[in-house]
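Structure, as structure tokens:
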Amino acid sequence: MVRSDRNGVHEQEAFMERSIFAALIGGLLGITTLGALAFVGSAPGSPAAPPSRSESDWRLLDPVTYENISVFPVVSSFSQDTGAFLTLEEGLATGDVAVREQGSESMVRGRDGRLVYIPQSGSGATVNQLVLINRSKRPLLLLAGELVSGGKQDRVIGKDRIIPAGAPPLPLDVFCVEHGRWTGSAQFAAANTIVHPSVREKAAVDQKQTEVWDAVRSGTTLRASPAAPSARVTARDIQGAIASNGRTEAYEQIYQSRAVGVSIDDFVNEVQRRFSQATSGLKNERVVGVVVAYGGEVAWSDIFASGDLFDHYWHKLLRSYAVEALTRPTYRQAASRDNASEFLRRLNGRETQETEPGVYRWREIKEGQLAEIELDALQPKAMTLHRLLLHRTS
């Protein structure tokens with residue numbers, strides 16, 4: 001693993017020497033290995049990035065408003081073919097993807113050539129790392145903030161990335177969102193939830209477990225000013241919801257409990273009804289994303305390479321936006337279209353990249369309080385699969 005923007009040239013040279021030696025040995029033994037990730041910071045000689053989508057590729061519709069949330073649909077007449085990619089929810093549901101506690105099993109090849117996973121008696125499980133196995137014939141798309149349920153504890157994916165088809169089991173960085181449980185099966189069964197933006201920000205941008213859990217417990221990373229109206233859902237409400245499952249403090253209790261005093265499903269259903277009505281008359285265009293505002297503050301955007309990919313994630317994203325809305329102050333003014341359009345432009349700031357050659361490129365750009373994250377697929381065709389832009393809360 002190379003981190004040229006952190007560890008300097010010497011580590012790069014050492015890595016190259018080790019890689020050449022390993023390649024020679026691998027060739028002699030007939031063993032193929034997975035290419036290492038490379039971390040760069042816009043270094044000369046980096047592979048050319050897929051062309052980024054610009055504001056001219058998208059059209060922003062009038063906002064769909066309800067209570068203190070405004071959702072601006074982003075539509076496009078152009079849509080990439082994203083059918084080659086498998087989502088985590090689909091993969092877990094079909095069994096093509098398995099997520100395991102680290103150290104819960106080993107891999108051997110059976111007589112028929114297939115990989116067989118054998119449980120281990122010892123436990124090497126850790127809070128912030130799992131093992132993911134992509135057994136499908138399609139590359140697997142992961143989004144930061146996707147919650148995987150089961151195992152010894154519920155966790156969320158820490159970063160957007162792509163897992164190639166047929167890749168060997170690999171370590172996956174995650175964050176805990178469930179205190180009070182460290183027992184249960186080594187297997188994870190579902191990925192039906194995306195955590196709300198305040199929590200997702202801490203996983204995707206800050207990458208710190210303590211801040212992720214603080215955001216879960218408080219419901220939001222924002223603190224209302226003395227002049228601001230009180231939030232409809234307080235930190236105590238959120239804590240009561242996640243603590244309502246006995247000794248376990250589970251994030252998903254936010255959605256399942258009445259402790260927050262409102263029905264999240266009712267909120268979601270009303271926004272969805274208005275959203276469907278506002279986008280029903282489109283001709284030769286598809287909704288590919290949204291820009292989201294709370295009160296007059298534009299805070300978040302999720303935009304995808306295709307309408308199909310947006311449709312797959314939309315309900316989970318809308319539920320996450322609704323939780324955020326319920327924890328924000330009850331400002332009723334709507335955000336301006338001009339401010340929402342700012343979330344379609346490419347930021348101009350320091351860029352950090354993470355690349356797995358031939359598979360994906362992850363990019364992060366920070367400009368003031370704004371942060372932009374893009375995930376580029378490099379195969380089978382170069383495209384930006386997902387683009388996130390957010391206003392950082394700290």
State yes or no: is GLY281 over 24 Å from the mean Cα position of the chain (by Cα), small (Gly, Ala, Ser), open to solvent by 10 Å² or more (accessible area, probe 1.4 Å) and modelled with pLDDT under 95? yes
Tabulated pairs, the range 131-147, first more than 19 Å from ASN192 (Cα to Cα), second in a strand (DSSP E or B) and polar (S, T, N, Q), C-beta under 6 angstrom, 6+ apart or interchain: none
Keeping to the range 335-351, report how many residues are open to solvent by less than 60 Å² (accessible area, probe 1.4 Å) and free of Cβ contacts under 8 Å to residues at least 60 places away in the same chain. 4
Step by step: first the residues of the range 36-48, then only those that are open to solvent by 50 Å² or more (accessible area, probe 1.4 Å) and of a type outside the set (Ser, Thr, Tyr), then the one that is modelled with the highest pLDDT. Which residue is that? ALA48
Restricting the first residue to the range 352-367 and requiring it to be open to solvent by 10 Å² or more (accessible area, probe 1.4 Å), which pairs with a second residue that is polar (S, T, N, Q) and in a strand (DSSP E or B) meet a Cβ separation below 6 Å and a spacing of at least six or different chains? GLU364/THR352
Only one of THR248, THR234 is touching a His at 6+ places or on another chain (Cβ under 8 Å) and modelled with pLDDT under 60; which? THR248
Which condition number in (1) closer than 22 Å to GLN80 by Cβ; (2) buried (at least 20 other Cβ atoms within 10 Å of the Cβ) is the one that GLU324 fails? (1)
Identify the residue in the range 50-89 that is in contact with a Gly (Cβ under 7 Å, 6 or more places away or on another chain) and modelled with pLDDT under 95 and, among all such residues, is nearest to ASN339 (Cα to Cα). ASN68
Taking the options VAL298, VAL290, VAL323, name whichever one is in contact with a Ser or Thr (Cβ under 7 Å, 6 or more places away or on another chain) and touching a residue at least 60 places away in the same chain (Cβ under 8 Å). VAL290
Residue check, HIS386 against (1) in a helix (DSSP H, G or I); (2) open to solvent by less than 10 Å² (accessible area, probe 1.4 Å), all met but one. Which one? (1)
Failed item, numbered, when LEU318 is tested on (1) open to solvent by 10 Å² or more (accessible area, probe 1.4 Å); (2) at pLDDT 95 or above; (3) closer than 22 Å to ALA215 by Cβ: (1)
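Conditions (1) surrounded by fewer than 19 Cβ atoms within 10 Å (Cβ to Cβ); (2) within 18 Å of GLY158 (Cβ to Cβ); (3) modelled with pLDDT of 75 or more, marked per residue:
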| site | (1), (2), (3) |
| --- | --- |
| PRO171 | yes, yes, yes |
| PHE175 | no, yes, yes |
| VAL195 | no, yes, yes |
| VAL205 | no, yes, yes |
| GLN209 | yes, yes, no |
| THR220 | no, no, no |
Every residue in the range 272-317 that is over 20 Å from SER79 (Cα atoms) and among the polar types (S, T, N, Q), please. GLN272, GLN277
Please indicate, with yes or no, whether at least one residue in the range 95-117 is touching a Pro at 6+ places or on another chain (Cβ under 6 Å), at pLDDT 65 or above, among the aliphatic types (A, V, I, L, M) and not in a loop (DSSP other than H, G, I, E, B). no
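The values are calculated or read from the model by the stated rules, or taken from the named source; none is laboratory data. In this text the structure is predicted, and so the values were computed from the model without any measurement. Neighbour counts run over all protein chains shown; Cβ positions are idealised from the backbone, glycine included. Heads up: the accessible areas ignore ligands, DNA and RNA and are worked out on the full protein's heavy atoms, side chains in. Shrake-Rupley method; radii C 1.70, N 1.55, O 1.52, S 1.80 Å.
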